[in-house]
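Worksheet: the structure to be examined is printed underneath.
The values are calculated or read from the model by the stated rules, or taken from the named source; none is laboratory data. All values derive from a computational prediction rather than experimental measurement. Positions of Cβ are generated from backbone atoms using ideal geometry, with glycine treated the same way; all protein chains shown enter the neighbour counts.
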């Protein structure tokens, strides 16, 4: 290899891969194919139900925002939406808060059974969610957590804490132990070091972890629906209960679908940089 | 400023197992640059970490000055440590990295700024103070790590292989800088390295460790001239001393058809003969060596060969650069200085 190509390679590692002349076009074609269902959903949400059922129509002939108006004005819809947002956020905060010290301990200390315990965490994700329905239902009835957002958030921690510990442990182990030791010599207590130095250093890991916790909690239907009735009903449950005597309201249902995708898009937008970093650094 | 004293200090990782550091007795004088050197796993880093308080002391005690710091928390020991990977805080600027320890100690803002400025000036880091470590070269990061130690104005500097992450040229440069800086600041320094050249060039005194035991502490010159045992003799000096086992017969050991005179060792006893490559001369008669490789250094040359006898041991000899010796030649060398060691595991020096 000549020296010029080497320098080029260092400057832009991407160049090393051969790039096809029509790769840009291919990218857009693939994106377009993937986007068809989403675009279809968006189009459905702004068309009257009658038109949707009438037949295939690429460009909508009539546009209506009734779906969105109903969604945002009817308590049963926006209430369920807020419920889902509330317990997902609550769950994310609690899962990450609990998982951080745990992941730190797994990364930095050796204690009896640490490796087994670390693996055991994963086994929590091996059983289908349905297995835990009855225990949760029964327990929650007994302690008064039934039909509360906090209850759903706690139930989802069963899946999200192990996931969070695994992801965070990867990031934490990427930070040399000497940083901890330097801080100890500098005079930091463990909690203070954790907050002032450690958290900023693994913030991309926290971002990635929070994203995954939020999304898992957001899309989970089975547990959320079983342990709630009216007060904390999640949006996905509301969507499955739209069959009325008047038939399905297609527009409204599509609107709910669009609204449900939104948080995911927002979350991805905020952590997209971290996700890429997370793939490179940690255990995503 | 203070001295450091290890009194029978031991560290045992797993109870019942061989100690990582065994009953270490060592005094580092006030303002001295002491280098701990040895092969990997010899306990040099453990020793340093015990002094830092990052590793508990399982037996004996450690003093800084008059103060017994054996059970004291790292932050209360008045030390500063530089690690091999520098352990800089990546999300803080160079200035913040250097001043952080002072901030936690409650030093006034002006005072912190002054000390950071002074250290930056000393280390030629002034223009980088507002940068993040990411934007610095390896050598600059290393200097930031040094600066972080300096601003604390501690009683003792601890350095754990701080040059190992630098490339060869920079390492030699930084080596002299650190040594000069330490002399200027006059702070007692304990420095760990596995590189004997670093140890010899930087230390006021060098402590050689092996398998958790202190082998010898002395000035670089004395370690070279008067190694206490075969291990130190082989470890210090580059290229390494030739250590050849043999049996004493009539006041000498026959190597390569030549009787090397040794004044110690009774007839028939096994000993180790130590001869440095630079303490041998080419001659018309002497140890017969078959030349395998000539390493031309310009100023002189090293002959790597095998001894022409039944043992066929490897030997290295320094010769003049214009001698014309080449691969496959047979040469004769005569040692002008011979060290004699016991042939047992301890390898104690006999002469």
Among the residues of the range B:260-278, which ones are touching a strand residue (DSSP E or B) at 6+ places or on another chain (Cβ under 6 Å) and surrounded by 18 or more Cβ atoms within 10 Å (Cβ to Cβ)?
B:260, B:262, B:265, B:271, B:272, B:273, B:274, B:275, B:277
Step by step: first the residues of the range B:123-132, then only those that are assigned to a helix (DSSP H, G or I) and in contact with a helix residue (DSSP H, G or I) (Cβ under 7 Å, 6 or more places away or on another chain), then the one that is farthest from the other protein chains (Cβ to nearest Cβ). Which residue is that?
B:126
Please specify each residue of the range A:61-82 satisfying the condition of being under 10 Å from residue A:256 (Cβ atoms) and over 26 Å from the mean Cα position of the chain (by Cα).
A:70
Restricting attention to the range B:59-69, report how many residues are more than 14 Å from chain A (Cβ to nearest Cβ) and more than 9 Å from residue B:9 (Cα to Cα).
5
Any idea which residue in the range B:86-96 is farthest from the other protein chains (Cβ to nearest Cβ), counting only those that are out of contact with any helix residue (DSSP H, G or I) (no Cβ under 6 Å at 6 or more places or on another chain) and touching a residue at least 12 places away in the same chain (Cβ under 8 Å)?
B:93
Considering only the range B:136-229, give the helices (runs of 4 or more DSSP H) lying wholly within it that have at least 3 residues that are closer than 30 Å to residue B:344 by Cα and free of Cβ contacts under 8 Å to residues at least 60 places away in the same chain.
B:220-225
Can you spot a residue in the range B:85-92 that is more than 22 Å from residue A:180 (Cβ to Cβ), surrounded by 22 or more Cβ atoms within 10 Å (Cβ to Cβ) and within 29 Å of the chain's Cα centre (by Cα)?
no
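Residue by residue, here is whether (1) more than 14 Å from chain B (Cβ to nearest Cβ); (2) touching a helix residue (DSSP H, G or I) at 6+ places or on another chain (Cβ under 6 Å); (3) in a helix (DSSP H, G or I); (4) free of Cβ contacts under 8 Å to residues at least 40 places away in the same chain holds:
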{"position": "A:142", "(1), (2), (3), (4)": "yes, no, yes, yes"}
{"position": "A:158", "(1), (2), (3), (4)": "yes, no, yes, yes"}
{"position": "A:169", "(1), (2), (3), (4)": "yes, yes, yes, no"}
{"position": "A:184", "(1), (2), (3), (4)": "no, yes, yes, yes"}
Restricting the search to the range A:193-202, which residues are surrounded by fewer than 21 Cβ atoms within 10 Å (Cβ to Cβ) and more than 8 Å from chain B (Cβ to nearest Cβ)?
A:193, A:194, A:195, A:196, A:199
Single residue of the range B:99-114 satisfying the filter (within 14 Å of chain A (Cβ to nearest Cβ) and part of a helix (DSSP H, G or I)) that is modelled with the highest pLDDT:
B:112
Just to be sure before I move on: is residue A:73 assigned by TED's automatic domain parsing to the domain that holds residue A:162 and surrounded by 19 or more Cβ atoms within 10 Å (Cβ to Cβ) in the structure I sent?
no
